[in-house]
């Protein structure tokens, strides 16, 4: 191989996805101290964070202080989880402003709210995402959608998440919640492969037939090695996010163990 060809190799190397955490995993601690939990998860080794719904109500001073802390820790906020109303045209500017101030890249609709259980009902959700995507582009932000179990339930020879995928632009992220996908009996690997380049972020939430969502990452029924392979080869995954809904262990101990388990599985 020529020297020129060797020099060109790094340009083709794929960046290793970051391992982050959805701060909802330590929500009880966040309620006591907004900044301490961010320091704690950074110290454990988490490389980025996603803030959950209440972030939108932080004061300007809290937002400024949080951004400084993230910069000092070198742990960016890559995305935020939002009530569906945050993405409506009348509310999107505030959402954009707060996300820009935090350095976030993705504004994710964490729940569609009350949706008419029809294809047309879910097309309306897709319409909100499409409009929000148009409105955020000039600010350098992208939008995304985070599924729950309902989005994988059969609906007129399709299912809601497929309706969203087919009726939104390719740059609307489909943030896969693995646990709810597995619980619904769907194949997360097949879903990733069917939506190439749209799985920019994946929620590493675990589920098992015996423990439900109260099991730690890597200790349930999800095929993580196959998920990682598909996510990084075809999904376009930039960052993974551990999400722990609850466990017998205290929150910080639980998410630290999740991180250890992740490193064992993701090699």
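The values are calculated or read from the model by the stated rules, or taken from the named source; none is laboratory data. Everything numeric in this text was worked out from a predicted model, so none of it was measured. Methodologically, a virtual Cβ is constructed for each residue, glycine included, from the backbone with ideal geometry; neighbour enumeration extends over all protein chains shown.
Structure notes:
- Restricting 56, 96, 107 to those that are more than 29 Å from residue 251 (Cα to Cα) and in contact (Cβ under 8 Å) with a residue 12 or more places away in the chain reduces the list to 96.
- Set 218, 212, 236, 179: member being without any contact (Cβ under 8 Å) to a residue 40 or more places away in the chain and either buried (at least 18 other Cβ atoms within 10 Å of the Cβ) or on the phi > 0 side of the Ramachandran plot (or both): 212
- Residue identified as surrounded by fewer than 23 Cβ atoms within 10 Å (Cβ to Cβ) and at pLDDT below 95 among 121, 103, 113, 185: 113
- Of all residues in the stretch 42-59, those being surrounded by fewer than 22 Cβ atoms within 10 Å (Cβ to Cβ) and farther than 23 Å from residue 91 by Cα number 5.
- When residue 161 is tested against (1) within 30 Å of residue 249 (Cβ to Cβ); (2) at pLDDT 95 or above, just one condition goes unmet, and that condition is (1).
- Flag if residue 111 is touching a strand residue (DSSP E or B) at 6+ places or on another chain (Cβ under 7 Å) and under 30 Å from residue 59 (Cβ atoms): no
- Scanning the stretch 78-92 for residues that are surrounded by fewer than 15 Cβ atoms within 10 Å (Cβ to Cβ) and free of Cβ contacts under 8 Å to residues at least 40 places away in the same chain, we see that the one that is farthest from residue 148 (Cα to Cα) is 90.
- Qualifying residue in the stretch 51-59 (condition: in a strand (DSSP E or B), modelled with pLDDT of 95 or more and in contact with a helix residue (DSSP H, G or I) (Cβ under 9 Å, 6 or more places away or on another chain)): yes
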